[in-house]
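Taken together, the values in this text are just the output of simple stated rules run on the coordinates, not laboratory data. Just so we're clear, the structure is a prediction, and the values are computed from it rather than from any experiment. We place every Cβ from the backbone using ideal geometry, glycine too, and count neighbours over all the protein chains shown.
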Amino acid sequence: MAKRYWLMKCEPSAYTIDDLQRDGSTAWEGVRNYQARNFMRDDMQLGDEVLFYASNAEPSGVTGLAKIVRAGYPEKLAPWVMVDIGFAKNFKGTVPLETLKTTKGLEKMVVTQKGSRLSIQPVTKDEFAIVLTLAKTIRSSHSSHS
DNA sequence: GCCAACGTTGGC
DNA sequence: GCCAACGTTGGC
């Protein structure tokens, strides 16, 4: 099956891309939404690429990349399912949701739709590539020019 | 912290 | 199977 692309949300108070970089990989436990579970159970495959999204952040947005390093397997608590994700890249900053919403080609991206609360979302190959391009334009938050 | 949007639960 | 009540998500 061809490689797929995903977006996975997490609040920074729970887990960040920095944490994933430190840990190398982590089990994505605790998803309690059937649609998101079905994506993990049925569609996520080893090697799929993931946009790591910080929700409830300042600003909320994509902060890095991950990849699926273990396909769906059951949690102790049925009927829930988890995957393992591995660290791929830590952006120098955030690609904010606001930028995603105003970027041509991302009009249909799930995360830019109003009321999109789903914590695991499919992303098209084109959308993924556009977000990568946006990430390259991030200026380091540490830089200050006069 | 507010609250709109959405998912889930449970009485009927 | 409807739908009101309730709980959660997540942008702002």
Work out, step by step, the length gained on full extension between A:TYR34 and A:ASP18: first 0.36 nm times the residue separation, then minus their alpha carbon distance; give nm to one decimal.
3.0 nm
Amide H to amide H under 5 Å from A:SER60: which residues, 5+ apart in sequence or cross-chain, H placed 1.01 Å off N in plane?
A:LEU97
The range A:86-94 - phi-based ³J(HN,Hα) in whole Hz, Karplus 6.51/-1.76/1.60, Gly and Pro as x:
x, 5, 10, 7, 10, 5, 6, x, 10
May I ask you to derive the FRET efficiency for A:ARG117 and A:LYS76 from their Cβ-Cβ distance with R0 = 35 Å, giving the value to the nearest 0.05?
0.90
Vicinal HN-Hα couplings computed from phi for the range A:4-17 (Karplus, 6.51 cos²θ - 1.76 cosθ + 1.60; Hz; Gly/Pro x):
10, 10, 9, 10, 10, 9, 7, 7, x, 5, 9, 6, 10, 5
Students often forget the sequence filter, so: which aspartates and glutamates lie under 15 Å Cα-Cα from A:LYS108 once same-chain residues fewer than 8 apart are removed?
A:GLU98, A:ASP126, A:GLU127
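For chain A, what is the convex hull (Cα atoms) projected area averaged across all directions, in square nanometres?
Value for chain A: 9.2 nm².
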I want to check the label-to-label distance for A:GLU107 and A:LYS89. Put each point 7 Å from Cα in the C-beta direction and report it in nm to one decimal.
2.6 nm
Greater than 23 Å apart at Cα, pairs in A:LYS67/A:LYS104; A:LYS67/A:LYS114; A:LYS3/A:LYS92; A:LYS67/A:LYS92; A:LYS9/A:LYS67; A:LYS101/A:LYS125
A:LYS67/A:LYS104; A:LYS67/A:LYS114; A:LYS3/A:LYS92
Which aspartates and glutamates have a Cα less than 12 Å from the Cα of A:LYS76, not counting those fewer than 8 places away in the same chain?
A:GLU29
